[in-house]
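Colleague: One structure is given below, represented as structure tokens, and several questions about it will come after.
The values are calculated or read from the model by the stated rules, or taken from the named source; none is laboratory data. Everything numeric in this text was worked out from a predicted model, so none of it was measured. Glycine also receives a Cβ, built like all others from the backbone with ideal geometry; neighbour counts cover every protein chain displayed. Please note that ligands, DNA and RNA were not included when accessible areas were found on the heavy atoms of the full protein model with its side chains. Shrake-Rupley method; radii C 1.70, N 1.55, O 1.52, S 1.80 Å.
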Amino acid sequence: MQIRPFTLADTEAVLAIWLEASLQAHHFIDPAYWHANLAPMRETYLPAADSYVLWQDGTALGFYSLYEETLAAIFVTPEQQGCGYGKALLAHAKRQRPALRLQVYRQNRASCDFYLSQGFQIEDEQQDPHTGCAEWVMIWSAQD
């Protein structure tokens with residue numbers, strides 16, 4: 001397993017992971033929303049973020065993106081979830097910043113539980129202006 005910085009050559013693999021994992025984890029949001037956000041992910045969000053890709057045996061299995069102190073994305077291909085790759089990606093992200101914050105949909109119980117188990121705390125609750133879904137703002141600090 002190798003986690004390395006994202007390169008432009010990783011774009012299609014990362015977008016495929018993002019779309020597949022988003023559709024599975026966010027079944028409560030219209031799939032059209034995720035498909036409509038492929039272009040913004042490619043053109044705006046990935047270029048603006050510090051992203052890292054997890055590779056094993058020549059295959060991209062997951063990635064995460066940091067924007068300043070925000071963990072903007074962390075995704076593992078659905079077939080490989082539960083194998084420790086998400087923990088490895090998150091541990092790598094924690095080494096990049098002294099503190100992290102993120103937003104996670106409350107209905108995405110698996111992700112909420114994952115973040116809580118990895119030392120994140122709920123700081124606030126808000127409504128995502130794009131989807132109307134409730135989400136938690138969570139924080140983690142190396143000092144905790």
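Colleague: Kindly establish whether residue 116 is modelled with pLDDT of 95 or more, assigned to a helix (DSSP H, G or I) and open to solvent by 40 Å² or more (accessible area, probe 1.4 Å).
Modeller: Yes; evaluated as a whole, the condition is true for this residue.
Colleague: Note down all Cβ pairs under 9 Å where the first residue falls in segment 104-122 and is over 11 Å from residue 25 (Cβ atoms), the second is assigned to a loop (DSSP other than H, G, I, E, B), and they're at least six residues apart or on different chains.
Modeller: Here the result reads 106/133; 119/144; 121/144, each pair linking segment 104-122 to a residue that is assigned to a loop (DSSP other than H, G, I, E, B).
Colleague: Please indicate, with yes or no, whether at least one residue in segment 125-138 is on the phi < 0 side of the Ramachandran plot and in contact with a Leu (Cβ under 7 Å, 6 or more places away or on another chain). Walk me through how you get there before you give the answer.
Modeller: Pass one, segment 125-138, residues on the phi < 0 side of the Ramachandran plot: 125-131, 133-138.
Of the ones still in play, those that are also in contact with a Leu (Cβ under 7 Å, 6 or more places away or on another chain) are 138.
Yes, that holds for at least one residue.
Colleague: Follow-up. Taking the stated definitions as given, is residue 105 buried (at least 16 other Cβ atoms within 10 Å of the Cβ), touching a Ser or Thr at 6+ places or on another chain (Cβ under 8 Å) and closer than 18 Å to residue 18 by Cβ?
Modeller: yes
Colleague: Moving on to the next point. Tell me, please, whether a residue that is within 14 Å of residue 92 (Cβ to Cβ) and without any contact (Cβ under 8 Å) to a residue 40 or more places away in the chain can be found in segment 28-37.
Modeller: Looking only at segment 28-37, we keep the residues that are within 14 Å of residue 92 (Cβ to Cβ), and these are none.
No: segment 28-37 contains no residue that is within 14 Å of residue 92 (Cβ to Cβ) and without any contact (Cβ under 8 Å) to a residue 40 or more places away in the chain.
Colleague: For segment 119-144: of the residues being closer than 21 Å to residue 22 by Cα and among the β-branched types (Val, Ile, Thr), which is least open to solvent (accessible area, probe 1.4 Å)?
Modeller: Step by step, filter segment 119-144, then rank; the result is 137.
Colleague: Among residues belonging to segment 54-77 that are open to solvent by 20 Å² or more (accessible area, probe 1.4 Å) and of a type in the set (Ser, Thr, Tyr), point out the one that is nearest to residue 135 (Cα to Cα).
Modeller: 70
Colleague: Next question, about the same structure. Could you tell me which of the residues 80, 96 is open to solvent by 20 Å² or more (accessible area, probe 1.4 Å) and either over 25 Å from residue 44 (Cα atoms) or among the acidic types (Asp, Glu) (or both)?
Modeller: On the way: 96 fails: either over 25 Å from residue 44 (Cα atoms) or among the acidic types (Asp, Glu) (or both).
Only one candidate passes the filter, namely 80.
Colleague: Enumerate the helices (runs of 4 or more DSSP H) found wholly within segment 1-105, keeping only those where 2 or more residues are closer than 19 Å to residue 138 by Cβ. Break it down into steps so the answer makes sense when it comes.
Modeller: Details: elements: 11-25, 31-36, 85-96.
Per the criteria, 11-25, 85-96.
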